[in-house]
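Comments concern the structure below.
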Amino acid sequence: MRAHLETIYRLLLEHFGHQDWWPGDTPFEIAVGAILTQNTSWNNVAQAIDNLKSAEALTPETMTRLSPGELEELIRPSGFFRIKQKRLRNFLIYLEDTWNGDLSAALDGDLPAARDRLLGVSGIGPETADSILLYAGGRPIFVVDAYTKRVFARHDLVDDTASYHDIQDLFMAHLPHDPALFNDFHAQFVAVGKTYCRPKNPRCAECPLGGLPPAPKGIKA
């Protein structure tokens, strides 16, 4: 299984090159982006991030001082802005009440415990929590998204019933726990999912994974 995963990564890396993901100037900006990107495209999130930067509101302290209406208006381009305003506010309250606003401390220490704490914040699910841990905290945890599951299902690595954690466990059990590897591998799935492995009309003939050997037997989640 490890060899198969390494082949997938090598083929994607050779095709797309390193992705340098997740874009963000600070860990807090990355965490905010992870919350805002729920149910929308990154282009929309980038507009919201730009608004927050223009308002000089991309620190826990400055964002906390915004009224709900002010924050909603700044993040409006990300969609579902009222819901996301509440989720950001919940995250800010968690940081302030538990960690005195120190994001690094919140993401440090025992990894499962740090993950459980994030999952306890209303509005933060597994993908968002893992994105914050990996990209903002540099923690070795693999992020699974719709692109990953689609690619794996089409290459017979998982079936349609596989859960988030089923797929995540395949990476965590068979690859070295290297944040840089997990970072770029996840970004490669985003690239191939957007470019070739589309939900409709996939471009399989052009995909860098078109020549991937059959999946090893007995590894479906």
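Under a point spin-label approximation (7 Å from Cα along Cα-to-Cβ), what is the Leu119-Glu96 distance to one decimal in nm?
2.7 nm
For the chain, what relative contact order do you get, as a whole percent, if you take Cα pairs closer than 8 Å and at least 6 residues apart?
In percent, rounded to a whole number, it is 25.
Apply the Karplus curve 6.51 cos²θ - 1.76 cosθ + 1.60, θ = phi - 60°, to the phi angles in the stretch 179-192 and return the couplings in whole Hz, x for Gly and Pro.
Once rounded to whole Hz, the list reads x, 5, 5, 4, 4, 6, 4, 4, 5, 5, 5, 4, 5, 6.
Please give the charge dipole size of the stretch 27-136, origin at the Cα centre, charges +1 on K and R Cβ atoms and -1 on D and E Cβ atoms. Round to the nearest 20 debye. Don't skip to the answer; put the middle values down first.
Details: 10 positive and 15 negative charges, 82 e Å.
Computed charge dipole of the stretch 27-136: roughly 400 debye.
Suppose the chain between Asp108 and Ala146 were pulled fully straight at 0.36 nm per residue; how much longer would it get relative to their current alpha carbon spacing?
Going from the current span to full extension adds 11.0 nm.
Can you work out the FRET efficiency for the pair Ala205 and Trp21, with r the C-beta to C-beta distance and R0 = 25 Å, to the nearest 0.05? Please list the in-between numbers first.
Details: r = 26 Å, r/R0 = 1.05.
E between Ala205 and Trp21, to the nearest 0.05, is 0.40.
Quick check: the angle from helix 2-16's long axis to the longest principal axis of the chain, C-alpha only, nearest 10 degrees?
Once rounded, one gets 70 degrees.
If you place +1 on the Cβ of every Lys and Arg and -1 on the Cβ of every Asp and Glu, how big does the dipole about the Cα centre of the stretch 92-221 come out, in debye to the nearest 20? Kindly include the intermediate steps, with their values, before the conclusion.
Numbers: 12 positive and 17 negative charges, 157 e Å.
Dipole magnitude for the stretch 92-221 comes out near 760 debye.
Mind putting a number on the dipole of the chain about its Cα centre? Charges go on the C-beta only, +1 for Lys and Arg and -1 for Asp and Glu, and I need it in Debye to the nearest 20. Don't skip to the answer; put the middle values down first.
On the way: 22 positive and 28 negative charges, 171 e Å.
For this selection, approximately 820 debye.
Using θ = phi - 60° and the Karplus curve 6.51 cos²θ - 1.76 cosθ + 1.60, what whole-Hz ³J(HN,Hα) does each residue of the stretch 133-140 get, with Gly and Pro shown as x?
Ordered by residue, 3J(HN,Hα) equals 5, 6, 8, 8, x, x, 8, x Hz.
Going Cα to Cα from Lys200, which aspartates and glutamates come in below 19 Å? Please leave out same-chain ones fewer than 8 positions away.
Asp145, Asp156, Asp159, Asp160
Between the alpha-carbon centers of the stretch 70-120 and the stretch 1-68, tell me the distance in whole angstrom.
Going from one Cα centre to the other spans 14 Å.
Evaluate the relative contact order of the stretch 27-136 (contact order divided by residue number), counting alpha-carbon pairs under 8 angstrom at least 6 apart; express in whole percent.
With pairs under 8 Å counted, the relative contact order is 32 percent.
Grab the beta carbon distance between Ala46 and Glu70, set R0 = 22 Å, and tell me the FRET efficiency rounded to 0.05. Could you put the intermediate results ahead of the total?
On the way: r = 20 Å, r/R0 = 0.89.
So the FRET efficiency works out to roughly 0.65.
What ³J(HN,Hα) values, in whole Hz, does the Karplus curve 6.51 cos²θ - 1.76 cosθ + 1.60 give for the stretch 25-37 when θ = phi - 60°, with x put for Gly and Pro?
Each residue of the stretch 25-37 in turn: 8, 9, x, 5, 4, 5, 4, 4, x, 5, 6, 6, 7 Hz.
Would you mind calculating the gained length between His155 and Thr195 on full extension (0.36 nm times residue separation, minus the Cα-Cα distance), in nm to one decimal? Could the numbers behind the result be given before it?
Numbers: separation 40, 0.36 × 40 = 14.40 nm, distance 1.64 nm.
This chain segment gains 12.8 nm when fully extended.
Counting only helical runs of four or more DSSP H residues, what would the 222 nm mean residue ellipticity of the chain come to if each run contributes -39,500 (n - 2.57) and the total is spread over all its residues?
After summing the helix terms and dividing by residue count, I get -17000 deg cm²/dmol.
Where a number appears in this text, it was derived from the coordinates with a stated rule and is not lab data. Fair warning: this is a prediction, and the values are worked out from it, not measured in the lab. Note that we place each Cβ from the backbone using ideal geometry, even for glycine, and neighbour counts take in every protein chain shown.
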